[in-house]
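Following: one structure in structure tokens, then a few remarks.
We did not get these values from a lab; they are worked out from the coordinates using the rules stated. Quantities reported herein were computed from a predicted structural model and do not represent experimental measurements. Backbone-built Cβ (ideal geometry, glycine too); neighbour counts: all protein chains shown.
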């Protein structure tokens, strides 16, 4: 990956990056990131305090998060920064156990406990790599049993529960909530599925208001519902409910077929939005715009939903007339006449600005595609390179220049893709932080996207499975001298995955090593050129 660390954080990055060098000889230890946490705390204006305020940040992280080492010090710093911000959103409630919030301030449009379902799928993707499983256990029961507004926004909860089980290796929770997941999906079918078989969604309730393509049959909601039915089918197999499993496998295939046949534009080579129609047999007219959410079908099921010939869509990601920008990707193609980077009207627009929410989905989808292509023997290098560059841009976006000129790590709502300005924050500040809009620093430490999962699941390439093992395929450059992902919870064990090209970084031998609870279970002299299966002891 390219390095932007001296551009991002010139005064403090050197100390933070190299503070763990000595400890790294023992692989990695929590003390290695203490200086980063202290710096994050020192730079922070802690306007909202929840269960784990800043004075408890290091303890929470030391007890819960995986540890990471990599030559790109900006990447490492952002890894720890995103766990530091995620910790803020974890809240132990009086009656409902743990929940994870999107905003830290109470916002008028949230539900019980200030929870919002829109980003919850991302919360699972990140939170599944924490040591404390009670957080997601409680969060699941909150959405399904304890008053969470589970369908207020698009939310793929069945798939989230499934993805969590893949990492924990424990299927008890998934089987426990199976009937509630079925009930939730049936409610979606009743309220949002038209006679033609497609699901529709209002763009605002997709979390993507003021979009060019607008509301209607969207690749997002149809992909999510495919994910829901497939997850329910797989959980039903675990529960021994064969008839239910077959029923939902059939539903999944129906949705996948409709998604690929009705929402794909063969001329534009992209998934698009179609307005709703009253007649089930009426032809659909796709909108004339490519939007970043058209990559969502590759987010599902390891990227297996669209056929291989649809991968031409990904040419748009790196095209400056498409979605590429210095702080992108943009949410709409830049060649479209309605593309806007506006500081007027609604503060949250999806007609051009960059959104970490969409960037997360796109990067997950792209890593799925690279894995699929590598496993099938296709040339994947162009897509691997696109993943690396887009992740690097994402890293570079995690900053804000304060009024005093100091550059600090930051995550907020939507970005100006050409300048890196956090648009909603600028607008809200100019409006005087209106309470009706969420009040002071509404978007600070905004928990509406993934980052750490993109490193684990994408860059380092840990692909979880309910079988007794994992698939590994790092998407790093093959010339990289070292990396280490340590204390990664997986199936009741802690994994250590490290690459040391010449054996000098960690002093434990050259090559690629995978350890389970300190015992080596895999070693190779070179990084793999296709996904490899590694059984657990």
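With a simple spin-label model that places each label point 7 Å from the Cα along the Cα-to-Cβ direction, the separation between residue 406 and residue 170 comes to 4.1 nm. By the beta-carbon count within 10 Å of each Cβ, the least crowded to most crowded order of 171, 419, fewest first, is 419, 171.
Between residue 43 and residue 62, the contour length at 0.36 nm per residue exceeds the alpha carbon distance by 4.8 nm. Ordered by the count of other Cβ atoms within 10 Å of each Cβ, fewest first, 203, 525, 319 give 525, 319, 203.
Across the stretch 34-119, Cα-Cα pairs farther apart than 23 Å form 28% of the total. The length gained by stretching the chain between residue 530 and residue 109 to full extension, at 0.36 nm per residue less their Cα-Cα distance, is 147.0 nm.
With the largest listed first and rounded to whole Å, the semi-axes of the equivalent ellipsoid of the stretch 70-114 from the Cα gyration tensor are 29, 12, 6. Simple spin-label estimate for residue 94 and residue 186 gives 3.5 nm between the two label positions (7 Å along the Cα-to-Cβ direction from each Cα). Computed from the Cβ-Cβ distance with R0 of 60 Å, the FRET efficiency linking residue 149 to residue 479 stands at 0.80. Computed over the chain, the per-residue total of -39500 (n - 2.57) for DSSP H runs of n ≥ 4 gives a 222 nm mean residue ellipticity of -10500 deg cm²/dmol, rounded to 500. Considering only Cα atoms, the convex hull volume of the stretch 169-308 works out to 119 Å³ per residue. Estimated translational diffusion coefficient (Stokes-Einstein, Kirkwood radius over Cα pairs, 10 °C, 1.306 mPa s) of the stretch 360-436: 107 µm² per second. Among 137-144, 302-309, sorting by the average number of other beta carbon atoms lying within 10 angstrom of each residue, highest first, gives 137-144, 302-309.
Calculate the translational D of the stretch 389-537 in whole µm² s⁻¹ from Stokes-Einstein, where the hydrodynamic radius comes from the Kirkwood formula applied to all Cα pairs, the temperature is 37 °C and the viscosity 0.692 mPa s. Translational D for this selection: 181 µm²/s.
In summary, the chain shows an alpha-carbon radius of gyration equal to 0.92 times the 2.2 N^0.38 Å reference for compact globular proteins.
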